[in-house]
Amino acid sequence: MRFSEYLVPTLREVPAEAEIVSHQLLLRAGFIRKAASGVYTYLPLAFRVLARIKAIVREEMDRAGGQEIGLPIIQPAELWLESGRWNVYGPELFRLKDRHGRDFCLGPTHEEIITELVKGDLRSYKQLPLLIYQIQNKYRDERRPRFGLMRGREFIMKDLYSFDRDEAGLDASYRKMYDAYTRIFERCGLEFRPVEADSGPIGGSVSHEFMVLADSGEGTVVYCPDAGCGYAANIEKAIGRPALSGADEELAPREEVVTPGLKTVDQVTAFLGVGAERLVKTLLYEAPDGVVAALVRGDREVNEIKLQNLIGVDQLEMADAEIVRRVTRAPVGFTGPVGLDVETIVADEEVMVMVNCITGANKADTHYRNVNPGRDFKPDLTADIRVVDDGQVCARCGAVLQSRRGIEVGQVFKLGIKYSKSLHLTYLDEQGEERLVVMGCYGIGVSRTMAAAVEQNYDADGIIWPVSIAPVKVVVVPVNMKEQTQVELAERVYRDLWAAGIDAMLDDRAERPGVKFKDADLVGYPVRVTVGKKAVDGEVEVLRRRTREMQVVPVVGPEWGTPYPSARTFLTASTSSFTGTTCISRVRRRSTSTSPSTAFLPTVTRTG
Ligand code: ATP
Ligand code: MG
């Protein structure tokens, strides 16, 4: 690979449309180009990174017993109608018609088609378990495609589906995948956390997401800092220990207070001189069956996912001002549970222990003081419907929870019989009885993982690829292309590296060294070999991109005779890391007396 012949269109400027680091750097370093909103072309370097991630994924899937297949991207609507998802998926599904007017979609995920496939061939329990996967493009017409590869409309996913006889079989398959995912992200050199997650429209009961920790992440990981406890969940799912004691007061009679123009929690509580935890916040939602009121303490937020799951709906919209006025006969900002006439009132469990609290009075410019749940209003349902974030208390061990932003790179689901039931996927057990297959599904965003790796591995100069997924491990830079010695030695190092199984790029452009170094930093090769003035002595400089550690290494003997085995050892060790975090900690300088084969032997240690 010679830079002069390779398609690496690096840019000096930060592209205006790119908001987050990975998007900016992947564009600037010549990895990707946009074709349409959320649709990207992978240039050669990106293609190589993706190939490495895919190779790791494949190895781990195969190790866990997975079998790779290729499912069609174009899928007939009938299957999606049968599973009920043709309508649930809504505008996110790319739909198309063939010349006969038949409906199809571009696969956003493949549960339907794979269930149908297995149905065609599965007869007996003897054929189970089955773990089948593919690595392929997925299509989702996302409402807000953004952040480059993070949220594309066309993206690469690995999806595996497990088919088992029973729940115990599913547990075993799930465990295998969970462990395989852990290995995959470790091998990709990423800092990540598996967290409990909501299963969303895919359905099923148990689910975990694998979150790469990064400030640009769209998700939030809530976790317990107590290592022995280890609780970690996506914020959509996180639970905490509820504050189950109210103020220590006698119940007082409820009274109206005039709160002119005061609509927010802060305004009202400041005016009344109490803390936000003394107010009950009432939020109105439009659900398919009518209006739902959700009550949480003034210092909490409603977790809409928990609320949706509780009342069994796929979607909730905040009620607009018109609905608020119709239901409460008051403007927005004065809604309260007392005398409220809606389909369902749901109270968070913390609300029910509150004493003498403040609520809206369903009357303009008016609130109530001394409202007491149970006495003044009775919710239809009481449950955990609040957002649990850092600062709240761990439900398991009582420590104070913390949170970090994260990028979801993978998710695993126990689907159970959701799809086998709707699509009639059964097998015959030992007694010859027909039973439903128990399924799981397991996705990894391969293209998103590439972007997530950049979010965790960069500095002011560019990308710093973890060795295991770097597009090219070493860049060889002759400083002066007019110096024959440098050019020849660079060629030689370059050929030696390939011969030793280390892929390398030769930056053979007649550019100033500064330009070449800048590009090398930007592209993010883990190791740069600079062939400069010391070439006459057979020496090169080896620079590690991450640490900026630099060593002078003899590449050939003083007479340019036999290659120095130690140099090869050095480079092999610098570039053959399993996880991307292996690093050379110390290389002894050349001593004049020792033989070439024992000098410079690197010590390899794991860091971070
Ligand atoms: P998100 O919540 O981010 O929309 P999801 O939960 O809908 O993702 P899954 O159906 O679980 O995604 O898909 C499996 C994996 O595919 C995700 O963990 C993620 O890594 C990746 N993925 C999902 N949507 C996108 C997208 N629009 N662009 C890139 N990768 C994606
Ligand atoms: Mg997901």
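The values are calculated or read from the model by the stated rules, or taken from the named source; none is laboratory data. Please read these numbers as outputs of a predicted model, since none were measured by experiment. Positions of Cβ are backbone-derived with ideal geometry, glycine not excepted, and every protein chain shown enters the neighbour counts. All accessible areas refer to the heavy atoms of the entire protein, side chains included, with ligands and DNA or RNA removed. Shrake-Rupley method; radii C 1.70, N 1.55, O 1.52, S 1.80 Å.
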Once the Cα gyration tensor of region 6-74 is diagonalised, semi-axes √(5λ) in Å: 30, 14, 11
Packing-based order for 465-476, 327-338, using average beta carbon neighbours within 10 Å, highest first: 465-476, 327-338
Accessible surface ranking that places the most exposed of R144, R241, R99, R48 first, with a 1.4 angstrom probe: R99, R144, R241, R48
Ordering of 250-258, 307-315, 28-36 by packing [mean C-beta count within 10 Å, highest first]: 28-36, 307-315, 250-258
Protection-proxy order for peptides 221-229, 501-509, each taking the mean of Cβ atoms within 10 Å per residue, highest first: 501-509, 221-229
Viscosity 1.002 mPa s, temperature 20 °C, Stokes-Einstein D of region 185-327 from Kirkwood C-alpha radius, µm²/s: 114
Sequence of K306, K138, K237, K54 when ordered by accessible area, the most exposed leading, probe 1.4 angstrom: K237, K54, K306, K138
Heavy-atom surface of the chain, accessible at 1.4 Å and reported per residue (Å²): 44
Segment M550-V515, length gained on full extension (0.36 nm per residue, minus Cα span): 10.7 nm
Those residues of region 220-238 whose amide nitrogen sits under 17 Å from the label point placed on E142, 7 Å along Cα→Cβ: 220
Contact order relative to length of region 487-552, as percent, for alpha carbon pairs under 8 angstrom and 6 or more apart: 23
Sulfur and carbon atoms: percent of accessible area, the chain [1.4 Å]: 50
Length-normalised contact order of the chain in % [C-alpha pairs under 8 Å, at least 6 apart]: 16
Rounded accessible area of Y89 (nearest 10 Å², 1.4 Å probe): 30
Gyration tensor (alpha-carbon) shape descriptor, region 78-189, a/c threshold 1.5: oblate
Two-site label geometry, A227 and D380: point separation in nm, points 7 Å out along Cα→Cβ: 4.9
Mean ellipticity per residue at 222 nm, deg cm²/dmol - from DSSP H runs of n ≥ 4 across the chain, formula -39500 (n - 2.57): -7500 deg cm²/dmol
Pairwise centroid distance, computed over Cα atoms, of region 138-214 with region 321-386, Å: 39
Estimated Rh, region 322-385: Kirkwood, alpha-carbon pairs, angstrom: 12.1
Cα convex hull of the chain, projected area averaged across orientations, nm²: 36.1
Accessible surface ranking that places the most exposed of R492, R528 first, with a 1.4 angstrom probe: R492, R528
Charge context of A232, other residues only, Cβ under 15 angstrom, K/R +1, D/E -1: -4
Largest to smallest principal axis extent of the C-alpha atoms in region 255-383, angstrom: 39, 31, 23
Whole-number D in µm² s⁻¹ for region 197-281, Kirkwood Cα-pair radius fed into Stokes-Einstein, 4 °C, 1.567 mPa s: 75
